[in-house]
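These notes are about the structure you will find just below.
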Amino acid sequence: MKTTLLAIALSVASAAPALADIIEIEMLNKNEDGDRMVFSQELIRAEVGDIIRFVPTDKSHNAQSVKDALPEGQEPFRGRVNQAIEYEVTETGLTAVVCLPHQAMGMVALVVVGDDLSNADDILNARVPGKGGDKLEALVEEAKSLITTDESSTDQSS
Ligand SMILES: [Cu+2]
């Protein structure tokens, strides 16, 4: 009897969609590599339904989306300095995230959802100053190379 119930429970679990993840990103004055004013992850891969949470591990940071640099339909967000903020991923595509006080120093991140790069130009056209803009450009390139590699391993047409 016990085994039957377990078997039913397992089959129900495997039929359900994958559980959403909570992805935690720290806001840091310095990471392990010695880089200053950074998010603990800069290229963040996620799926629709995941929660992305930015945590104020160090002081004087915030996390917010950038105008016109997120997928259509995805709600913009803006965390206050020294406060955690989380948001639910509802759309595939790319989202630029910056720390407002430190974006020009390169405190930015790129969220990549569902291998969808269709709004890459919006990220490249976003007005993020200084090193932040340069880093976002590099992150878009990195996302492109990662996703192209993923696809080429299953692509049979070429
Ligand atoms: Cu910051």
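We did not get these values from a lab; they are worked out from the coordinates using the rules stated. Just so it is clear, the structure is predicted and the values come from calculations on it, not from any experiment. Here Cβ is always computed from backbone atoms with ideal geometry, including for glycine, and neighbour counts include all displayed protein chains.
Identify all lysines with a Cα-Cα distance to K30 below 28 Å; exclude those on the same chain that are fewer than 8 residues away in sequence.
Within the straight-line limit of under 28 Å, K30 reaches these lysines: K59, K67, K131, K135, K144.
Net charge near G49: determine it from the other residues with C-beta under 10 Å of the C-beta of G49, scoring Lys and Arg +1 and Asp and Glu -1.
On the way: positive: none; negative: D21, E47, D50, E88.
Within the 10 Å Cβ shell, the charges total -4.
How big is Rg to Rh over segment 21-154, alpha-carbon atoms, Rh as the Kirkwood inverse-mean-distance radius? Please list the in-between numbers first.
Numbers: Rg = 13.8 Å, Rh = 14.6 Å.
Rg/Rh: 0.94.
With each pseudo-label sitting 7 Å past Cα toward Cβ, what's the D58-Q41 distance in nm, one decimal?
Modelled inter-label distance: 2.0 nm.
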